[in-house]
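Here's the structure we're looking at; comments come further down.
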Amino acid sequence: MEKHSCCNHQLPHDYIPQHHKDASEEHDHFMISPDKLSLDKACDLVRNNAAGAISTFEGTTRDTFDGKQVVKLEYEAYESLAKKEWLKIVQEARSKYYILETVMHHRTGEVGVGQTSVIIAVSSAHRADAINAVHFLIDSLKVRLPIWKKELLDDGTGTWKENGPVDMSIHKSH
């Protein structure tokens, strides 16, 4: 018996949790929409009887950035390219973590302060795989998906924002 790589469970040496090896639209739900997002709906989409964990990330619009008052964000996306790239990202996540289902929902258009702009949800047999996969997926989204954000301030100005650098080397394989 040895400890499972993601937690302290004592498991047989050759144990591999139930998971889906390949990204697919059946198990990897993708949506870009101007409509409000629902964390409950995202969690329902990743719910799976083999899952012992569901982990989520919900990105929201904050009211300040660098000491300036933010009124809202505006998002634009190249949806068809984003979907193709998302499935590649999910495939990479599946090669690193034992995951069952994934969700990526992202808003376009105006997203007011306090509103949700992005939701990532992952289910897996064990919590660490779900948590680590969510971290990998949101970092990868920020670096690779053709989704652009404009920050609109209370003084009437707006700036298209670039995502800062992300250290992808922190994401280890199982």
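Counting only strands (runs of 3 or more DSSP E) wholly contained in segment 77-174, the ones carrying 2 or more residues that are β-branched (V, I, T) occupy 101-107, 116-124. Working carefully through the options R94, R62, find the one that is buried (at least 18 other Cβ atoms within 10 Å of the Cβ), charged (D, E, K, R) and out of contact with any Asp or Glu (no Cβ under 6 Å at 6 or more places or on another chain). Going through R94, R62 in turn, just one is buried (at least 18 other Cβ atoms within 10 Å of the Cβ), charged (D, E, K, R) and out of contact with any Asp or Glu (no Cβ under 6 Å at 6 or more places or on another chain): R94. Any chance you could count how many residues in segment 123-151 are among the hydrophobic types (A, V, I, L, M, F, W, C) and either open to solvent by 40 Å² or more (accessible area, probe 1.4 Å) or over 24 Å from R62 (Cα atoms) (or both)? Here the count works out to 7.
Within the set of pairs 6 or more residues apart or between chains, which connect a residue that is more than 20 Å from A51 (Cβ to Cβ) inside segment 88-113 to a residue that is among the acidic types (D, E) and surrounded by fewer than 17 Cβ atoms within 10 Å (Cβ to Cβ) with Cβ atoms less than 6 Å apart? As it stands, the answer is E110/E74; V113/D63, since those pairs meet every condition given.
The values are calculated or read from the model by the stated rules, or taken from the named source; none is laboratory data. These figures come from a predicted structure and were not determined experimentally. Backbone-built Cβ (ideal geometry, glycine too); neighbour counts: all protein chains shown. The protein model used for the area step is the full one, side chains on, heavy atoms only, and it has no ligands, DNA or RNA in it. Shrake-Rupley method; radii C 1.70, N 1.55, O 1.52, S 1.80 Å.
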